[in-house]
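*Asks:* Okay, handing you the structure first.
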Amino acid sequence: MFKQVAVVGATGAVGRIMLRLLAERKLPVEQYRFLSSARSAGQPLEFQGQTYRLEELTEKSFAGCDLVIASTPDDVAAKYLPAAVAAGATVIDESGYFRMKPDIPLVIPEVNPQAALIDRGIISSPNCSTTQMVVALKPLHDAAGLKRVIVSSYQAVSGAGLQGTTDLIEGTKASLAGTDYRYSTFAHPIAFNLIPQIGSFKDEGYTSEELKMVYETRKIMGLPDLPVTATCVRVPVANCHSETIVVETERPLSVAEARRVLGAFPGIVVVDDPAQGRYPLPSDCTGRDEVFVGRIRRDLSSPQGLAFWCVSDNLRKGAATNAVQIAELLAAHRFGYRR
């Protein structure tokens with residue numbers, strides 16, 4: 001049993017879901033603590049029928065902790081999480097700061113669980129858009145080997161935090177009323193619009209979000225030379241990221257075989273009956289922990305290609321659920337925990 005678990009960022013969009021999951025899944029923990037910014041410190045937080053007080057996050061906050069689960073901006077993670085490791089804790093980090101550092105494992109439990117089994121140090125949880133794609137890619141790679149991946153993502157406003165959702169709701173109201181609304185999260189109106197930029201522009205015209213999908217996918221799958229290209233678009237959807245994914249495999253993989261290996265893989269649900277209008281929709285997948293796959297079909301441009309549609313709740317499997325699953329992996333390894 002973990003003696004003391006600290007949750008950093010419990011009041012954010014991801015943190016709130018993380019608390020619900022920790023309560024529902026009954027991770028074996030003797031004592032919880034909840035750390036926050038100085039602005040929020042002292043405020044009450046209800047968890048598992050008890051009232052806790054948020055504690056101010058400092059570099060001395062982690063004494064006695066054996067596990068820290070953090071969902072913070074990159075700069076906060078960079079400043080404080082090394083202190084948690086120095087205090088003897090294992091850290092599960094949702095930020096992007098440590099993901100691509102060579103000595104930091106980047107973990108999706110269904111894909112590379114062994115990478116998480118460290119006694120102390122930082123374990124990174126991937127970017128939400130990467131996570132759902134790699135879960136879907138793993139069984140295809142195991143069955144036929146990946147040669148190339150092309151992905152376009154259609155990402156919900158919840159991925160931009162609580163204010164992103166507010167921008168969509170209030171911007172839509174203003175647009176319908178014919179009034180102005182000042183967006184605080186997005187550089188362009190998101191109501192009735194698409195924004196083909198997530199993150200800042202980097203090398204060769206790609207955004208930081210697109211490059212995350214490229215480099216994180218290679219690291220998690222242990223395929224450093226895998227050709228991957230990504231286009232990431234913000235869409236006026238409240239929750240759940242959607243992706244169109246095209247893969248080319250080393251050997252031909254039939255549509256029927258792809259459906260079979262995807263459907264048999266842990267954490268994937270295949271919803272694929274176009275004749276009946278059945279395929280994954282964000283409205284059906286929100287609040288779920290699985291990765292949903294449909295529209296599986298042959299790539300007409302390649303004899304060894306497949307195309308499919310992928311939807312997942314970016315706040316759950318894309319963030320909170322993946323972090324809690326990593327904690328469960330550690331608990332199983334250390335204490336024989338079983339859900």
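*Asks:* Rank-order 204-217, 295-308 by packing density, defined as the average count of other C-beta atoms within 10 Å over each peptide's residues, highest first.
*Replies:* Per-residue Cβ counts within 10 Å, averaged per peptide and sorted highest first, yield 204-217, 295-308.
*Asks:* If you don't mind, another one. Would you mind working out the magnitude of the charge dipole of the chain relative to its Cα centre, with +1 at each Lys and Arg C-beta and -1 at each Asp and Glu C-beta, to the nearest 20 Debye?
*Replies:* Numbers: 36 positive and 36 negative charges, 99 e Å.
Here the chain has a charge dipole of around 480 debye.
*Asks:* Counting only protein heavy atoms, what percent of the accessible surface of the range 256-339 is carbon or sulfur at a 1.4 Å probe?
*Replies:* Values: 1890 of 3800 Å².
Ligands and nucleic acids excluded, carbon and sulfur reach 50 percent.
*Asks:* What is the helix-to-structure angle for 128-144, meaning the angle in degrees between its Cα long axis and the longest Cα principal axis of the chain, kept from 0 to 90 and rounded to the nearest 10?
*Replies:* The answer is roughly 50 degrees.
*Asks:* Right, something else. Considering the convex hull of the alpha carbon atoms of the chain, report its projected area averaged over all viewing directions, in nm², one decimal. Kindly include the intermediate steps, with their values, before the conclusion.
*Replies:* Working: hull surface 74.3 nm².
Directional mean of the projected Cα hull area for the chain stands at 18.6 nm².
*Asks:* Say the cut-off is 20 Å between C-alpha atoms; which of Lys79/Lys101; Lys3/Lys219; Lys3/Lys60; Lys3/Lys26 go over it?
*Replies:* Numbers: Lys79/Lys101 16 Å; Lys3/Lys219 32 Å; Lys3/Lys60 18 Å; Lys3/Lys26 14 Å.
As for pairs spanning more than 20 Å Cα to Cα, those are Lys3/Lys219.
*Asks:* Moving to a separate point now. Report D for the range 188-249 in µm² per second (integer): Stokes-Einstein, Kirkwood Rh on Cα pairs, 25 °C, 0.890 mPa s. The partial results should precede the final answer.
*Replies:* Values: Rh = 13.2 Å.
Using the Kirkwood radius from Cα pairs, D works out to 187 µm²/s.
*Asks:* For the range 1-137, which whole percent of the accessible surface, found with a 1.4 angstrom probe, sits on carbon and sulfur atoms? Intermediate results must be reported in sequence, preceding the final value.
*Replies:* Working: 2800 of 5590 Å².
That fraction is 50 percent.
*Asks:* In nm, to one decimal, how far is the modelled label at Ala38 from the one at Asp180, with both set 7 Å along Cα→Cβ?
*Replies:* 3.6
*Asks:* Per DSSP H run of at least 4 residues, take -39500 (n - 2.57); add these up for the chain, divide by its residues and hand me the 222 nm value, nearest 500 deg cm²/dmol.
*Replies:* Values: 8 runs with 102 residues, N = 339.
The per-residue figure over the chain is -9500 deg cm²/dmol.
*Asks:* Using a simple spin-label model with points 7 Å from Cα along the Cα→Cβ vector, what separation in nm is obtained for Asp284 and Glu170?
*Replies:* A separation of 3.4 nm, rounded to one decimal place.
*Asks:* Cα-based Rg of the range 206-339 per 2.2 N^0.38 Å, rounded to two decimals?
*Replies:* Details: Rg = 16.3 Å, N = 134, 2.2 N^0.38 = 14.1 Å.
Rounded to two decimals, the normalised Rg is 1.15.
*Asks:* Arg298 to Asp142: FRET efficiency via 1/(1 + (r/R0)^6), r the Cβ-Cβ distance, R0 35 Å, to the nearest 0.05? Please report the intermediate quantities before stating the final value.
*Replies:* Values: r = 20 Å, r/R0 = 0.57.
Calculated value: 0.95.
*Asks:* Further question: In degrees from 0 to 90, rounded to the nearest 10, what is the angle of the helix 321-335 Cα long axis to the longest principal axis of the chain?
*Replies:* 60
*Asks:* Based on the Kirkwood radius over alpha-carbon pairs, what is the Stokes-Einstein translational diffusion coefficient of the range 1-101 at 4 °C with 1.567 mPa s viscosity, in µm²/s?
*Replies:* Working: Rh = 13.6 Å.
It diffuses with D of about 95 µm²/s by this estimate.
*Asks:* Compute the acute angle (0 to 90°) between the alpha-carbon long axis of helix 255-264 and the principal axis of greatest extent of the alpha-carbon atoms of the chain; round to the nearest 10°.
*Replies:* Roughly 20 degrees, rounded to the nearest 10.
*Asks:* Accessible area per residue for the chain in Å², computed with a 1.4 Å probe and the full protein assembly in place, what is it?
*Replies:* Numbers: 15060 Å² over 339 residues.
Accessible area per residue, the chain: 44 Å².
*Asks:* While we're on this one: With a 1.4 Å probe and all protein chains kept in place, how much accessible area does Ile118 have, in Å² rounded to the nearest 10?
*Replies:* Per-residue accessible area (Ile118): approximately 50 Å².
The values are calculated or read from the model by the stated rules, or taken from the named source; none is laboratory data. Note that this is a predicted model, so its numbers are computed, not measured. Ideal geometry is used to build each Cβ from the backbone, glycine not excepted, and the neighbour counts take in all protein chains shown. The protein model used for the area step is the full one, side chains on, heavy atoms only, and it has no ligands, DNA or RNA in it. Shrake-Rupley method; radii C 1.70, N 1.55, O 1.52, S 1.80 Å.
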